[in-house]
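The values are calculated or read from the model by the stated rules, or taken from the named source; none is laboratory data. Note that the structure is a prediction, hence the values are computed from the model and not measured. Positions of Cβ are generated from backbone atoms using ideal geometry, with glycine treated the same way; all protein chains shown enter the neighbour counts.
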Amino acid sequence: MDVLNALVAFSNFVLVPGIAYGSQLALGALGVTLVYGILRFSNFAHGDTMAFGTMVVVLVTWAFQGAGISIDPLPTALLAIPFGILVTIAMLLGTDRVVYRFYRAQKVKPVILVIVSMGVMFIMNGIVRLIIGPGDQRFSDGERFIMSARTFKEMTGLDEGLAIKTTQGITVITAIIVVLLLFWFLGRTRTGKSMRAYSDNEDLALLSGINPERVVMVTWIIVAALATIAGTLYGLDKSFKPFVYFQLLLPIFASAIVGGLGSPLGAIAGGYLIAFAEVTITYPLKKVLGYLLPETLAPDGLVQLLSTDYKFAVSFVILLIVLLFKPTGLFDGRAH
Amino acid sequence: MGAPDMSDPYGDRGNKDRSITKDSGAELKPGAYSGTPHEGAAGEPFLIGDAMTGGYGAGPDILHNCTVAVEKGEIAVIVGPNGAGKSTAMKAVFGMLDLHGGDVRLGGTSIAHLTPQARVSEGMAFVPQTQNIFTTMSVEENLEMGAFIRRDDFRDTMAQVYDLFPILKEKRRQKAGELSGGQRQQVAVGRALMTQPKVLMLDEPTAGVSPIVMDELFDRIIEVARTGIPILMVEQNARQALEIADKGYVLVQGANAFSGTGKELLADPEVRKSFLGG
């Protein structure tokens, strides 16, 4: 019974939140890794692209809520996501037209594009705060739990409860669908294959008649969709605050790099790795260990390895370790 | 390895950090053309780089009044010592060199002002010396990408390529980057054939492969030529190349030194003495 209780407590506080957070990071990291693979630079504006997309979703959700449109028990935001994606696509294609295309035409070194993306990041950051303000926004509605801790306890008779939030369930299901769609697109369609070809060998892609500008356009469209979906899922699960999205850049980059920049599979693996590391290390394990260890060995303290204030340090340390020992990441996106 | 030059803000510093940037390795640059194009003479070869003169940008000329050409249904080979401008002549024909003299004509029409991509659409196919396959993609995907500009059904062409290179059919699901050197070259040529080109250009197709594989590749190239596709190629292995060539060009310092049929060149005492080791 104690083992079961420990397992349930661990699932409730580490496993379930970790899977949800990992899915959100994975979707974010997929966007970063696509831009890296095809446009060949790390896009520092990705966190703020997520914030922009989510902002649009929040505004449309409010409009729907005001008009009494809902898909109860699911959150109204799901209905608003397509609108968010469309506006974000327009935003990214516009940015590409006025900013990135200029630098592409000059054939600048990728490192210059990295700095350019930082400029884009500041501007997008400003736009989002101007429109929706820097504060915390809640836009989640509908049924809160798929299964509450109380129901679980009643069902099983265990002391520990296992709660699964609706947003966590939606996050995982959406992430699975999006990832399957993305892999189908990259692996099976003519356009997807041409994107991989361009990422693999730019000159040969040109000699095969692949149009780089079209590849770049499709990439931005996919990135806009990924960023909006990732941002909205994160916002539903927690809340929407522009600055938090800017901070998300670190775990997202860590996920993409740990997995191997340029490798979509690596981005997903990296996302879960970073998420679980972060949640496990910052969660007080006293309760779980209390069930597992004999009473005499039960810990006195919280057994919290790091305070949650340091959660970003976890991503950073993992990033450093990977860069030191396996700089190409777990899945090498640049294999030759 | 010296310390990076901190005084040059526009240098390459920071650009090798692979955690933020990815080097494209792309070097394909369309060349500028400032010569005077003209209609081809009657009965001239199908593809001709005619009296080409030029170099890269404002640099010195690499080619001097250099002519290479290939007739329909034939194999033409460009040979010469290291640094003679063999590959450069090839690049010039494909529009990757700045030409300020001469002309390039395909089927009697000047194509000297076209970008390399536009020349692909005109029916030219080019296999670069290195980085000539998509290493992370399967053999079959490589062939599909070769056929990218075609919107018709290209399964017949793919079957033909598999007939020419049976090993590729066997390995069609395997990543091209995992194949041996000789097999990679077959993928590269196969990819180029997928457009059903009017002319095929090969830049040192046997570079870096063993003598046995080299012989096999030459056999395959002859087979491709027999299907009616004219082939213009640069070769390091002058003797073997001239043996299969209908036409040969010996370049020295960016200019034509000798030209003739493969047999003539092989028999020419001057050519033998200077390039074929007696």
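Per-structure values
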quantity	calculated
Yes/no for A:Ile177 being without any contact (Cβ under 8 Å) to a residue 40 or more places away in the chain, β-branched (Val, Ile, Thr) and within 14 Å of chain B (Cβ to nearest Cβ)	no
Cβ pairs under 6 Å, 6+ apart, first in region A:310-325 and surrounded by 15 or more Cβ atoms within 10 Å (Cβ to Cβ), second of a type in the set (Asp, Glu)	A:Lys311/A:Glu278; A:Val314/A:Glu278
Whichever residue in region B:7-61 is β-branched (Val, Ile, Thr) and away from chain A (no Cβ under 14 Å) and, among such residues, is surrounded by the most Cβ atoms within 10 Å (Cβ to Cβ)	B:Ile48
Meets criteria (outside any helix (DSSP H, G or I), in contact (Cβ under 8 Å) with a residue 12 or more places away in the chain and either of a type in the set (Gly, Ala, Ser) or crowded, with 20+ Cβ neighbours inside 10 Å (or both)) for A:Gly135	yes
Meets criteria (in contact (Cβ under 8 Å) with a residue 24 or more places away in the chain and either more than 14 Å from every other protein chain (Cβ to nearest Cβ) or closer than 28 Å to B:Met145 by Cβ (or both)) for A:Thr189	no
Any hit, region A:201-211, residues being touching a residue at least 12 places away in the same chain (Cβ under 8 Å), out of contact with any strand residue (DSSP E or B) (no Cβ under 7 Å at 6 or more places or on another chain), facing another protein chain (nearest Cβ under 10 Å) and closer than 29 Å to A:Leu15 by Cβ	no
Residue among A:Val98, A:Val116 that alone is away from chain B (no Cβ under 14 Å) and assigned to a helix (DSSP H, G or I)	A:Val98
A:Leu93 farther than 30 Å from B:Thr21 by Cβ and at pLDDT 95 or above	no
Among (1) within 14 Å of chain B (Cβ to nearest Cβ); (2) basic (Lys, Arg); (3) in contact with a Ser or Thr (Cβ under 8 Å, 6 or more places away or on another chain), the one test that A:Lys326 misses	(3)
Residue within region A:45-68 that is farther than 21 Å from A:Val179 by Cβ and within 14 Å of another protein chain (Cβ to nearest Cβ) present	yes
Region A:142-171: number of residues that are of a type in the set (Asp, Glu) and surrounded by 19 or more Cβ atoms within 10 Å (Cβ to Cβ)	1
Residues that are within 14 Å of another protein chain (Cβ to nearest Cβ) and within 15 Å of A:Asp48 (Cβ to Cβ), drawn from region A:223-261	A:Leu249, A:Leu250, A:Ile252, A:Phe253
Residue within region A:251-260 that is farther than 25 Å from A:Gly192 by Cα and crowded, with 22+ Cβ neighbours inside 10 Å present	yes
Any hit, region A:267-276, residues being in contact with a Pro (Cβ under 6 Å, 6 or more places away or on another chain), in contact (Cβ under 8 Å) with a residue 24 or more places away in the chain and crowded, with 17+ Cβ neighbours inside 10 Å	yes
Options B:Arg150, B:Arg155: the member that is of a type in the set (Lys, Arg) and within 13 Å of chain A (Cβ to nearest Cβ)	B:Arg150
Residue list for region A:128-144, restricted to those being farther than 17 Å from A:Lys238 by Cβ and under 21 Å from the mean Cα position of the chain (by Cα)	A:Arg129
Residue in region B:235-248 that is under 26 Å from B:Gly182 (Cβ atoms) and touching a Pro at 6+ places or on another chain (Cβ under 7 Å) present	no
Output for region B:44-77, where each listed residue is touching a residue at least 60 places away in the same chain (Cβ under 8 Å) and not in a loop (DSSP other than H, G, I, E, B)	B:Leu47, B:Leu63, B:His64, B:Asn65, B:Cys66, B:Thr67, B:Val68, B:Ala69, B:Val70, B:Ile75, B:Ala76, B:Val77
Criterion (over 26 Å from B:Lys91 (Cα atoms) and surrounded by 23 or more Cβ atoms within 10 Å (Cβ to Cβ)) met by exactly one of B:Leu164, B:Leu168	B:Leu168
Selection count, region B:50-95, where residues are more than 15 Å from the chain's Cα centre (by Cα) and more than 17 Å from B:Glu235 (Cβ to Cβ)	20
Close pairs (9 angstrom Cβ cut-off, 6 or more residues apart or separate chains): under 30 Å from A:Val108 (Cα atoms) in region B:24-41, of a type in the set (Lys, Arg) and surrounded by fewer than 17 Cβ atoms within 10 Å (Cβ to Cβ) anywhere	B:Ala26/A:Lys107; B:Lys29/A:Lys107
First in region B:118-141 and at the interface with chain A (Cβ under 9 Å from one of its Cβ atoms), second anywhere and surrounded by fewer than 17 Cβ atoms within 10 Å (Cβ to Cβ) and outside any helix (DSSP H, G or I), Cβ under 7 Å, 6 or more apart	B:Val120/B:Ile149; B:Ser121/B:Ile149; B:Gln131/B:Gly25; B:Thr135/A:His336; B:Thr136/A:Ala335
Region B:199-234: number of residues that are in contact (Cβ under 8 Å) with a residue 60 or more places away in the chain and among the small types (Gly, Ala, Ser)	3
Residue satisfying all of: in region A:196-250; of a type in the set (Ser, Thr, Tyr) and surrounded by fewer than 24 Cβ atoms within 10 Å (Cβ to Cβ); nearest to B:Thr135 (Cα to Cα) among these	A:Thr219
